[in-house]
1. Sort out which residues of segment 159-185 are part of a helix (DSSP H, G or I) and among the small types (Gly, Ala, Ser), and write them in order of number.
2. Being modelled with pLDDT of 95 or more, open to solvent by less than 100 Å² (accessible area, probe 1.4 Å) and in a helix (DSSP H, G or I) is true for just one of 52, 41. Which residue is that?
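The values are calculated or read from the model by the stated rules, or taken from the named source; none is laboratory data. Worth saying up front: this structure is predicted, and the values here are computed from it rather than measured. Areas reflect the complete protein model, heavy atoms only, side chains present, ligands, DNA and RNA absent. Shrake-Rupley method; radii C 1.70, N 1.55, O 1.52, S 1.80 Å.
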Amino acid sequence: MFVTSAFAEETAPAATESTAHSGTGVPAEAHGTFPPFDPATFPSQLLWLAITFGLFYLFLKKVAMPRIGGIIDVRNDRISQDLDQASKLKGEADAAVAAYEQELAEAKKNANAIGQQAADAAKAEAEAARKKIEAALDEKLGEAEARISSIKANAMKEVGSIAEDTASAIVEALVGGKASRAEIAAAVKSVAR
């Protein structure tokens, strides 16, 4: 326990005279005032307060505040550098996004052009194939019509002889005699006209 010298002198004789103790190590008769509240010690307390405050002020002014100011300046510099770097990176990112969007637009334009070219080429190929098939079909149709007309012409040529043979067979079956070939041919030609 800290005791000032004045307090120690005041209480020392009372402690020697007293025979009764309260169990706390302090004599029972000692009823002095608490030293910080004793008006007799105010001037020394104020002096030490002023000295301590002055020393504390000088310590803060010469040691603590310059260090704190330096730390704050370093942090401000670091923050401003970080903000500058962030704005630079943001500008680069914006430029990259703009370049990406431009390239994407060009790629879409190229893809549309390639798709249109492919569609046009496919359409042209389909049209050429269709015309080729139509030409082949027209050729086959012409050949079929020529064959049909030749078959018809041959059939028409033979119709006369078939008609003559059939008429001769009918005359024989009905009349029972034979007719001359010239008569039957003249009868068939007269009916065919």
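1. 160, 161, 163, 167, 168, 169, 173, 182, 185 - these are the residues of segment 159-185 that are part of a helix (DSSP H, G or I) and among the small types (Gly, Ala, Ser).
2. Within the list 52, 41, the selection yields 52.
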